[in-house]
Amino acid sequence: MTYIIDLKTVSPSELAQFWQREVQRWREQLFWDVSDRFDTLRRVLERRGLQGVALRIGTQIEGYAYYIISGRLGVLAGLDLAPGWAGTEAAKTLLQAALHALWQHGPTRIESPFLSFDGTWLPPAFEAQGFLTYWREFLRLQIDEQLDDWLEPPKPSLPMALEPWHNAHLPEAAEIMHAAYEGEVDTEMSALYRTVGGCRLILEQILHQRNSGVPIDRASAFVRHRGEGIGFIVITEIAPQQGHLAQVAVRPAYQRQGLGHLLLKYSLSQLAALEFNTLSLLVSRCNARALRLYQVMGFQAILAFPVFAWEPDI
Ligand SMILES: CC(C)(COP(=O)(O)OP(=O)(O)OC[C@H]1O[C@@H](n2cnc3c(N)ncnc32)[C@H](O)[C@@H]1OP(=O)(O)O)[C@@H](O)C(=O)NCCC(=O)NCCS
């Protein structure tokens, strides 16, 4: 028999195998240590604080999904299935039940940004519920293979001051980010990109809550032109010697003058000096400008995965 049950009735030991498998996949495929993330999930589940549903077949848990409600925004933060269940009717039932539970909270918008390794079945299942699909790419550059190429710090063409990253840059960086993303597909995928406050929250999650690894101030930078902040880059460490580009943005008036390239080269020269092996990043497939910049610099595609958004009128 197939049952959909409340996640609050599931014990952490019943999900331990899911988490071990996820941690292993992230480590092997993405060189990213997410064990902390699942430790946190275990603690929240332990105190019955995780909202979501699980798929029980017979006596076994074969999948689960959890969500977060923030005001009128619902976020489907994760959905995982035991091997062999992806794309099955039972998997679709689990997704529908999770969305149904989310809708009970009366959200005006739902986002589903989680990374999936075998999510090709997800787009039709989400679209059947009225969601739009967006594709994201995980790219990676091998630094250690061309260490010498990256060691040379770049020379700016504009008269600009490149400052090592400091937390005091955060408010200005949020303004730059908001201006840079205006009209980009990222504002459709995530409502946070639409306001300066939302951009600030994204940066705080990276810098203070460390949701994308540990920030490396030395490899991150903020750029000024005649005193005005015009661009920044934030790099994190996601596993020993593995770097991640958590955010980069350039004010629209200063784009297409080589600043994005310069910021990336600066970070790579710092990471090379720190003997890092790789730099990875996540980018939307529709973000043609950013994607081309990364391809030119030699980043390779590692994984593509879909994310979703729903609003009553989309
Ligand atoms: C992605 C982003 C940071 C790139 O910044 P940028 O300063 O415009 O980047 P660059 O100038 O180095 O390179 C971008 C383009 O300018 C071109 N360029 C570089 N120097 C140039 C120059 N002197 N004259 C004309 N064009 C130039 C590059 O060849 C590239 O051209 P292409 O788009 O036709 O391939 C910027 O577009 C941005 O802030 N976007 C919004 C935020 C975002 O998407 N961040 C990335 C998320 S993963």
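How about the range 5-56: which trypsin sites (Lys or Arg not before Pro) there are in a DSSP loop, with at most 12 other Cβ atoms within 10 Å of their Cβ? Mind dumping the intermediate values first?
Details: sites: LYS8, ARG21, ARG25, ARG27, ARG37, ARG42, ARG43, ARG47, ARG48, ARG56; in loops: ARG47, ARG48.
Those that pass, being in a loop and sparsely packed, are ARG47, ARG48.
Let me make sure I get this right: for the range 139-303, a, b and c are the square roots of the gyration tensor eigenvalues over alpha carbons, sorted descending. Under 1.5 in a/c it's rounded, otherwise prolate if a/b > b/c, else oblate. Which is it?
rounded
Let's see if you can work this out: charge +1 on each Lys and Arg Cβ, -1 on each Asp and Glu Cβ, no other charges. What is the dipole magnitude of the chain about its Cα centre, in debye to the nearest 20? It would help to have the intermediate numbers written out before the result.
Details: 28 positive and 34 negative charges, 87 e Å.
Using only the charged Cβ atoms, the result is roughly 420 debye.
Would you mind pulling out the separation of the Cα centroids of the range 203-238 and the range 1-63, in Å?
So the separation of the two Cα centres works out to 31 Å.
How much FRET efficiency would the formula 1/(1 + (r/R0)^6) give for GLN255 and GLN104, where r is the Cβ-Cβ distance and R0 is 41 Å, rounded to 0.05?
Plugging the Cβ-Cβ distance into 1/(1 + (r/R0)^6) gives 0.45.
For the chain, calculate the relative contact order in percent as a whole number, restricting contacts to Cα pairs under 8 Å that are 6 or more residues apart.
22 percent
Accessible area per residue for the range 139-303 in Å², computed with a 1.4 Å probe and the full protein assembly in place, what is it?
46 Å²
Ignoring any ligand, DNA or RNA, what whole percent of the accessible area of the range 85-153 comes from carbon and sulfur when the probe is 1.4 angstrom?
51 percent
Under the classification rounded if a/c is under 1.5, otherwise prolate if a/b is larger than b/c and oblate if not, where does the range 2-130 fall, given a ≥ b ≥ c as square roots of the Cα gyration tensor eigenvalues?
Values: a/c = 1.24, a/b = 1.20, b/c = 1.04.
In terms of gyration-tensor shape, rounded.
What FRET efficiency, computed as 1/(1 + (r/R0)^6) with R0 = 45 Å and r the Cβ-Cβ distance, is obtained for GLN146 and MET1, rounded to the nearest 0.05?
In this case the efficiency is close to 0.20.
Give me the net charge of ILE5's neighbourhood, meaning all other residues with Cβ under 12 Å from the Cβ of ILE5; Lys, Arg count +1, Asp, Glu -1.
Net local charge, ILE5 excluded: -1.
Using only helices, what value at 222 nm comes out for the chain when you add -39,500 (n - 2.57) per DSSP H run of length 4 or more and divide by the total residues, to the nearest 500 deg cm²/dmol?
So the helix-based figure for the chain works out to -10500 deg cm²/dmol.
Give the accessible surface of the range 69-119 per residue, rounded to a whole number of Å², with probe radius 1.4 Å and ligands, DNA and RNA excluded.
40 Å²
So for the range 139-303, taking the charge dipole from beta-carbon charges (+1 Lys/Arg, -1 Asp/Glu), which of LEU271, MET189, VAL248 sits furthest toward the positive end?
Result: MET189, furthest along the dipole toward the positive end.
Give the carbon-plus-sulfur fraction of the accessible surface of the range 1-65 in %, rounded to a whole number; probe 1.4 Å, heavy atoms of protein chains only.
The computed percentage sits at 46.
Please report, as a whole percent, how much of the solvent-accessible surface of the range 160-314 comes from carbon and sulfur atoms (probe radius 1.4 Å).
Values: 3210 of 6500 Å².
Here carbon and sulfur together make up 49 percent of the probe-accessible area.
Got a sec? Charge dipole of the chain, +1 on Cβ for Lys and Arg, -1 for Asp and Glu; which of SER35, VAL10, GLY130 is way out at the positive end?
GLY130
Subtracting the Cα-Cα distance from 0.36 nm times the residue separation, let me have the gained length for SER13 to SER70 in nm, one decimal.
17.7 nm
The values are calculated or read from the model by the stated rules, or taken from the named source; none is laboratory data. From a predicted model like this one, the values you see are computed outputs, not experimental measurements. Please note: Cβ atoms are built from the backbone with ideal geometry, for glycine as well, and neighbour counts cover all protein chains shown. Surface areas here come from the heavy atoms of the whole protein model, side chains and all, with no ligands, DNA or RNA. Shrake-Rupley method; radii C 1.70, N 1.55, O 1.52, S 1.80 Å.
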